[in-house]
Amino acid sequence: MYRVFEALDELVAIVEEARSVPMTASCVVPRGDVLDLLDDVRDALPTELDDAQDVLDHRDKLIGDARAQADKTVADADAEARETLDNARADADRMLADAKAQADRMVQEARAHADDLLRDAQAEADDTIADAKEQYESVTARAQAEADRMIEAGKASYERSVADGEAEQARLVSQTEVVQAAHAESARVIDAAHAESDRLRSECDEYVDSKLAEFEDVLGTTLRSVGRGRQQLRTGAGVPDYTEAERRSERRR
């Protein structure tokens, strides 16, 4: 490259020092010297410039080839992308179908299990209600029998008191001086009989009320147990323990 610049400088000097052609802007230069310098310039130029010129000459062809190769690469990439997308969609559809089938199977199993739990809870509740009803009937029967017995006893006591009062009244009727006292005693005996009858009836009512209160507590415990069982069934907490509720009810009684 140094020789190129040196030859160019010599050519510039030759042109500057050449004789001018009269009446023109041309000059006369030594042809041989100029040709020698041009040959030196040509020889001194690197071969890469010639290669670059060849590249420039074939630029359009290279660009066309590169564009065709790029288009082919893009087309291949698009085809591969579409194939990959189709495969991914097929895999996603298959996985979705498997997941849906699994979910349906789990739902069916959960429903079957819930139905079993509900049937067991219903059977337990029916047994509990039947036991409570039987106990209620038993307690009511005992309370009714006790009430009837106490009422009969009160009636008998009342009748005896009335009979005693009437007998005493009849005995005292013949005695004029004690008639008023007999009437007063008879009234007192009758009042005492009525009071005794009222007291017995009140005790009977209190006894029946206490038994009914105990049965009401049993029914309340049963209803709460059934409510907790239904709540546990709705929340999926498992089968309720009615035995523990019955033991608590027994302890309260």
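Of all residues in the stretch 223-245, those satisfying the criterion of being at pLDDT 65 or above, open to solvent by 50 Å² or more (accessible area, probe 1.4 Å) and under 19 Å from A132 (Cβ atoms) are L223, R224, R228, R230. For L96, the stated conditions do not hold, so it cannot be described as touching a residue at least 24 places away in the same chain (Cβ under 8 Å), open to solvent by 70 Å² or more (accessible area, probe 1.4 Å) and either over 30 Å from Q231 (Cβ atoms) or not acidic (D, E) (or both). For the stretch 13-45, enumerate the residues that are farther than 15 Å from R3 by Cβ and hydrophobic (A, V, I, L, M, F, W, C). Selection gives A13, I14, V15, A18, V21, M23, A25, C27, V28, V29, V34, L35.
Of all the criteria given as (1) farther than 30 Å from Y207 by Cβ; (2) surrounded by 13 or more Cβ atoms within 10 Å (Cβ to Cβ), the one not satisfied by A153 is (1). Within the stretch 2-20, the set of residues being closer than 16 Å to L38 by Cβ and either in contact (Cβ under 8 Å) with a residue 60 or more places away in the chain or not in a helix (DSSP H, G or I) (or both) comprises just one member, A18.
Looking across the stretch 119-140, the residues that are at pLDDT 80 or above and of a type in the set (A, V, I, L, M, F, W, C) come down to A123, I129, A130.
The values are calculated or read from the model by the stated rules, or taken from the named source; none is laboratory data. Since the structure is predicted, the reported quantities are computational estimates derived from the model, not experimental observations. Cβ coordinates were reconstructed from backbone atoms using ideal geometry, including for glycine residues, and neighbour counts include every protein chain displayed. For accessibility, only protein heavy atoms count, side chains too; no ligands or nucleic acids. Shrake-Rupley method; radii C 1.70, N 1.55, O 1.52, S 1.80 Å.
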